[in-house]
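Student: Dropping a structure here in structure tokens format, bear with me for questions.
Throughout, read-outs are computed from the coordinates displayed, never taken from laboratory work. Fair warning: this is a prediction, and the values are worked out from it, not measured in the lab. Cβ sites come from the backbone with ideal geometry, for glycine too, and all protein chains shown count toward neighbours.
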Amino acid sequence: MKLRTLVIVSFLAFGIWPSAFAQTQTQTPALTQTVNDFANVIDASSRDELDRRIRALREATGDALVVATVPTYQPYGSIEEYSVKMFENGGRGIGDKGKDNGLLILVAVNDRKIKIEVGYDLEGIIPDGFAGQTIREAITPAFKRNAYGQGLLDGATRIINRIGEQRGVTIPNVPATRVARRPITVSRLPWGTIVFWLLMLIIISRRGRRRRSRYWGAGPWSNWTGGAGGFGGGGFGGFGGGRSGGGGASGSW
């Protein structure tokens with residue numbers, strides 16, 4: 001009898017509990033609305049306006065934008081892992097099935113992390129650089145004041161306007177996004193690059209003068225290619241199987 005009891009206890013301890021814990025680890029809250037505020041940080045006014053603008057985008061372009069806040073992305077290792085799982089939304093995804101035209105703005109409040117997860121069809125419209133800039137310039141300034149609703153509204157509006165612009169569609173009753181232009185200051189000029197090319201021009205100029213003094217009058221120059229080549233520097237009807245493309249950006253505040 002004691003042996004049987006020990007076997008049952010061992011089964012419960014090492015069989016059911018670990019699997020139940022693993023299942024809890026992989027679950028994310030279901031996305032059922034345009035704004036899913038699981039962390040309870042978005043004020044009512046911002047929530048209503050977010051919902052209105054997101055629905056206006058859906059109506060005008062067919063693209064689906066979803067906002068979600070959670071207390072933490074744990075027990076996942078990072079917000080990137082969590083956002084991919086949340087984007088799957090239990091197999092329903094975000095956006096239309098076969099179009100992958102969904103986008104998720106996810107905030108893990110206690111971790112102070114933000115992730116913009118982009119579906120395949122929107123990767124060309126919302127590239128990583130634009131997503132990162134949106135987090136830095138439109139979302140985090142308000143988050144630093146604990147104004148989560150305002151930050152999400154500013155970020156979502158910037159994305160909505162970008163999608164409308166790239167789709168060639170006007171999103172009705174959505175205000176234009178003001179993009180702050182940073183003035184070019186002396187400290188921001190690439191002085192190292194400027195000095196390098198000035199020195200190169202001086203060297204080329206001197207070599208040209210020496211060549212002219214040596215070969216002037218001896219006929220046309222030969223094998224002159226005339227250039228150095230290019231150079232550069234460095235309830236919402238929005239679910240239906242859309243997949244994350246792995247694009248987007250993450251940030252913190």
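Student: Give me the extension gain from residue 30 to residue 78: residue separation times 0.36 nm, minus the current Cα-Cα distance, reported in nm with one decimal. Present the calculation step by step, with values, prior to reporting the outcome.
Tutor: On the way: separation 48, 0.36 × 48 = 17.28 nm, distance 1.89 nm.
15.4 nm is the gain from fully extending residue 30 to residue 78.
Student: Among the aspartates and glutamates, select those whose C-alpha is under 16 Å from the C-alpha of residue 85, and discard any that sit fewer than 8 residues away in the same chain.
Tutor: Residue 85 reaches 100, 117.
Student: Beyond 15 Å, how much of the Cα-Cα pair distribution for region 100-168 remains, as a whole percent?
Tutor: Taking all Cα-Cα pairs of region 100-168, the fraction more than 15 Å apart is 50 percent.
Student: Once label points are set 7 Å from the Cα along Cα→Cβ at both residue 59 and residue 196, what is their separation, rounded to one decimal in nm?
Tutor: For the pair residue 59/residue 196, the computed spacing is 5.3 nm.
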